[in-house]
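Structure first, commentary second.
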Amino acid sequence: MIQITRTISIDEDEIRYDFVRASGPGGQNVNKVATAVQLRFNVQRCSSLPEDVRERLVRIAGKRMSGDSILILDARRFRTQEGNRRDAINRLIELIRKAVGRPKLRRQTRPTLASKRRRLDFKNHRGGTKRLRRSSPFIED
């Protein structure tokens, strides 16, 4: 069991790992050993995630979600399978923890009278500066 929060934990059987060849450092070894990890996690089939957390997780994951609601995380930062597997699990845990927290509702506000005055004063000052730069057609040499 992978503990996400006090109330949410995921069974390791719900996560599938595929090991593929990674690009990057490793020399000739990179062509022989499959060290990169593709973590696959079916969000809709996971029974331990509450519905609202699932919806937020799908929204947060974005392009990492496949069409059939499978979250795919690629991990290829380390040179070992075990390091990349741990990295992928940690990234999955962080994504789910981010989805657990409810976003704050934005309360619409209006600009204050002082901020409106400051804006208009700045616009007037800026317009005056530009007006001084203009050449006047009435002044002759």
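We did not get these values from a lab; they are worked out from the coordinates using the rules stated. This is a predicted model, so every value here is computed, not measured. FYI the Cβ positions are ideal-geometry reconstructions off the backbone, even for glycines, and counts take in every protein chain you see.
Brief remarks on what is shown
- Measuring nothing but how far apart in sequence close Cα pairs (under 8 Å, 6+ apart) lie, relative to its length, region 43-85 scores a relative contact order of 29 percent.
- Charge dipole magnitude, Cβ of K and R +1, D and E -1 - the chain, Cα centre, debye nearest 20: 1260
- Helix 51-61 and the longest principal axis of the C-alpha atoms of the chain enclose an angle of approximately 70°.
- Each Cα pair under 8 Å and six or more residues apart adds its separation to the average, and for region 2-100 the resulting relative contact order is 29 percent.
- Rounded to the nearest 10 degrees, the inclination of helix 113-133 to the longest alpha-carbon principal axis of the chain is 60 degrees.
- For region 2-100, the spread of Cα positions along the three principal axes, ordered from largest to smallest, is 46, 28, 21 Å.
- Highest-MSF residue in the chain out of Ser48, Ser69, Ser115 [GNM, Cα springs under 10 Å]: Ser115
- In degrees, nearest ten, helix 81-100 long axis to first principal axis of the chain (Cα): 50
- Choice from Gln38, Gln108, Gln81 with maximal GNM fluctuation in the chain (Cα, 10 Å cutoff): Gln108
- Alpha-carbon centroids, region 102-139 and region 44-87: separation in whole Å: 46
- The fewest-to-most ranking of Glu82, Glu51 by surrounding Cβ atoms within 10 Å reads Glu51, Glu82.
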